[in-house]
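Here's the structure, in structure tokens; my notes come after.
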Amino acid sequence: MMTNKSIKNICCIGAGYVGGPTMAVFADKCPDMNITVVDKDKERIKKWNDQDTGNLPVFEPGLEEIIKKVRDKNLHFSNEIEKTIENSDIIFLCVNTPVKDKGFGAGQASDLKFIESCARQVAKHSKNHTIVIEKSTLPVRTAATIRTILNSSQGDNISDSKTFSVLSNPEFLAEGTAINDLKNPDRVLIGGEDQESIEALAKIYQNWVPEEKIIRTNLWSSELSKLTANAFLAQRITSINSIAAFCENSGGDIEEVANAIGSDKRIGSKFLNAGPGFGGSCFKKDISNLVYLSEYFGLPEVAEYWNSIIKLNNWQKLRISKLIVQKLFGTLRGKSIAILGFAFKANTNDTRESPAIDICKNLLVEGANLIIHDPKVSEEQMTKNLGMKANYICNNQDSNDYESTWSKNENIYSSLSGVDAVVILTEWDIYKNLDWKKISKLMRKPAWIFDTRGLLDITKLNNTDLNFWKIGDGLEK
Ligand code: NAD
Ligand code: UGA
């Protein structure tokens with residue numbers, strides 16, 4: 001068995017939104033460790049190694065500065081997966097764990113093909129004792145599968161002294177605040193059975209995380225805690241969104257309600273911002289996985305409870321789309337709409353499960369011409385998400401007045417020229433203080449502003465002839 005002192009070389013498989021930033025912070029906080037992040041995606045690794053750090057594949061505030069400091073010193077990005085595994089004492093599995101798209105459990109169960117292939121590679125190429133760490137979010141009991149693969153794959157070219165410990169060390173960072181979350185985590189969770197390996201990992205974190213924030217549990221509690229944390233966070237957003245709809249119909253104001261309930265320490269004030277529905281790569285997939293596991297363990301009522309969160313989140317996107325169409329006299333034919341924000345939240349270039357995708361698609365089906373602005377999302381990414389090239393005219397029903405199209409515009413004010421409505425879908429700071437008097441002159445009348453994030457200060461729109469709808473605001477304007 002290895003001693004804590006012998007840990008020098010770390011490998012992270014998966015150079016994505018989690019692997020890249022996490023290992024950058026590890027490298028910064030542990031200058032004596034040599035860390036290599038590997039990925040099978042050559043293009044991604046090339047971007048991580050780009051001398052122009054503005055081209056990194058992930059945008060996170062503070063990331064560029066750390067990369068400049070540690071890259072090619074004790075942090076490396078490489079496609080040499082086998083060699084890196086061979087030379088490492090600890091291997092973090094940080095690959096994507098999407099929902100299965102085919103077969104049993106399609107749409108709900110986790111697709112573990114990437115984790116399995118990593119485990120096989122580790123089994124084949126590692127040497128001596130290796131600590132294998134689940135960093136990806138995984139279904140409960142995946143550690144048992146990984147352990148079985150690691151142990152049974154021993155044989156080809158492998159010396160008898162080869163041993164493994166499997167730990168669960170889920171990541172709780174949120175995109176947009178990843179660097180701060182990694183530097184100052186609320187807690188670090190380590191689940192495992194082998195005390196020596198648990199302490200070896202804890203020792204790495206102790207370089208910057210206070211001991212009282214390092215929680216040690218058994219493997220299954222750790223795996224389940226990650227799914228549960230995401231399920232609780234998503235549930236909280238859905239709860240406040242459901243009350244926002246209630247406010248709109250009853251005369252309440254969701255900001256006042258959130259403030260009033262959030263002052264109760266037992267409820268707390270965070271994560272109570274009503275919006276167009278939660279997006280991001282994980283909430284939906286992790287709840288779907290929880291639903292699948294609940295069914296698997298014979299708990300259909302529990303499955304139904306969590307599934308209702310996903311249903312209500314879909315309804316939120318649909319109700320906002322319908323509301324926009326309804327306010328614009330029931331049709332979007334021949335109308336232009338400016339979309340402000342396409343990322344699933346501010347301060348990220350990530351669009352995975354962004355509510356903007358569904359809402360834009362709904363508006364396009366109604367015949368709209370969308371002009372989309374986002375400070376970080378590329379046109380290429382929007383094209384992938386919308387399934388249609390920019391400026392392509394989609395003739396929905398063989399009728400000339402039923403054409404829809406979209407384009408990206410880099411300049412906010414020019415994207416608003418002549419539009420019938422503005423829809424704010426991401427809470428980027430730059431949208432907070434726009435000159436609404438100027439915008440009012442640019443738009444076609446009657447003009448509507450739809451603020452799905454509760455971002456705008458209504459007083460700034462006073463003295464304009466703009467109609468205004470804000471999420472969770474029940475007062476007629
Ligand atoms: P990602 O898709 O951004 O990155 C995953 C990377 O793994 C990809 O670059 C892919 O090419 C690579 N990969 C897959 N299989 C591989 C293999 N066999 N060998 C080498 N490389 C391989 O994913 P992500 O957002 O970083 O998420 C990773 C995991 O972390 C997921 O389980 C996710 O649920 C979890 N997580 C994500 C976040 C987040 O904010 N994105 C936060 C916490 C936890
Ligand atoms: C979320 C969790 O917050 C992280 O702890 C977790 O590690 C991560 O998922 C993961 O496992 O992937 P993330 O999806 O990056 O992080 O971002 P969040 O800040 O949680 O936002 C998720 C979605 O909820 C966004 O669409 C956001 O706009 C929305 N949201 C968030 C609201 O609508 N209201 C809020 O009050 C907060």
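The values are calculated or read from the model by the stated rules, or taken from the named source; none is laboratory data. Remember, it's a predicted structure, so these values are computed and weren't measured experimentally. Cβ coordinates were reconstructed from backbone atoms using ideal geometry, including for glycine residues, and neighbour counts include every protein chain displayed. SASA here: full protein model, heavy atoms, side chains in, ligands and nucleic acids out. Shrake-Rupley method; radii C 1.70, N 1.55, O 1.52, S 1.80 Å.
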Options Thr36, Thr53, Thr22; residue that is in contact (Cβ under 8 Å) with a residue 12 or more places away in the chain and surrounded by fewer than 19 Cβ atoms within 10 Å (Cβ to Cβ): Thr53
Residue check, Tyr431 surrounded by fewer than 18 Cβ atoms within 10 Å (Cβ to Cβ), in the same structural domain as Pro276 (by TED's automatic domain parsing) and of a type in the set (Phe, Trp, Tyr): no
Sole exception among (1) outside the structural domain of Pro355 (by TED's automatic domain parsing); (2) open to solvent by less than 10 Å² (accessible area, probe 1.4 Å) for Ala231, by number: (1)
Residues that are away from ligand 1 (no atom under 11 Å from the Cβ), aromatic (Phe, Trp, Tyr) and not in a loop (DSSP other than H, G, I, E, B), drawn from segment 273-298: Tyr292, Tyr296
Filter result for Thr452 (under 20 Å from Thr348 (Cα atoms) and β-branched (Val, Ile, Thr)): yes
Matching residues, segment 453-467, being assigned to a strand (DSSP E or B) and crowded, with 19+ Cβ neighbours inside 10 Å: Leu466
Test set (1) within 22 Å of the chain's Cα centre (by Cα); (2) among the β-branched types (Val, Ile, Thr); (3) open to solvent by 10 Å² or more (accessible area, probe 1.4 Å) - Ile115 fails condition number: (3)
Residue match in segment 362-369 (condition: β-branched (Val, Ile, Thr) and under 27 Å from Glu60 (Cα atoms)): no
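For every residue, the table says whether it meets (1) among the hydroxyl-bearing types (Ser, Thr, Tyr); (2) open to solvent by 10 Å² or more (accessible area, probe 1.4 Å).
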| site | (1), (2) |
| --- | --- |
| Ala368 | no, no |
| Ser404 | yes, no |
| Asp451 | no, no |
| Lys470 | no, yes |
Subset tally (residues that are surrounded by fewer than 18 Cβ atoms within 10 Å (Cβ to Cβ) and either away from ligand 2 (no atom under 11 Å from the Cβ) or aromatic (Phe, Trp, Tyr) (or both)) for segment 165-186: 4
Sole residue being open to solvent by 60 Å² or more (accessible area, probe 1.4 Å), over 26 Å from Ala343 (Cα atoms) and in the same structural domain as Thr163 (by TED's automatic domain parsing), chosen from Lys46, Lys42, Lys69: Lys69
